[in-house]
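Quick notes on the structure that follows.
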Amino acid sequence: MSLPLKLPHARYIVLHHDGAWKINLNNTYYGPFGSQAAAVESATATARQASEGGYPASVLLMKGTAFETLWTSEPA
């Protein structure tokens, strides 16, 4: 019997980079967005779609060197 394949966790990181709000996914930047809220909204919508497709997903806000989880598909 084989083990089920586990899909990689998609981490959408919202951060202020080069003077603008962006989303980082797998070391690729998306944006810029006009505000932190717009970047969070876009990241959350995309993470929800990934979750519906079977991928575990999270939206994280980068604050300096710390991360705050804003949304996750993983149970608490």
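For the pair ASN27 and MET62, the difference between a 0.36 nm per residue extended length and the Cα-Cα distance amounts to 11.2 nm. Could you state the angle between the C-alpha long axis of helix 36-52 and the longest principal axis of the C-alpha atoms of the chain, as a value from 0 to 90 degrees rounded to the nearest 10? Approximately 10 degrees, to the nearest 10.
I want the antiparallel fraction of DSSP beta bridges within the chain, as a percent rounded to 5. Around 75 percent antiparallel, to the nearest 5.
Between GLY19, GLY34, GLY54, the Gaussian network model of the chain with springs among Cα atoms under 10 angstrom shows the greatest mean-square fluctuation at GLY19. Could you please state, rounded to a whole Å, how far the C-alpha centre of the stretch 59-76 is from the C-alpha centre of the stretch 25-48? The stretch 59-76 and the stretch 25-48 have Cα centres separated by 13 Å. Taking amide H as placed 1.01 Å from N in the peptide plane, PHE67 has no amide H partner under 5 Å among residues 5 or more places away or on another chain.
For Kirkwood radius over Cα pairs in Å, the candidate list reads (1) 12.3; (2) 12.9; (3) 15.4; the entry that matches the value derived from this model is (2).
Computed from the coordinates by the stated procedures, all read-outs in this text should not be read as laboratory data. Everything numeric here is computed off the predicted structure, so don't read it as measured data.
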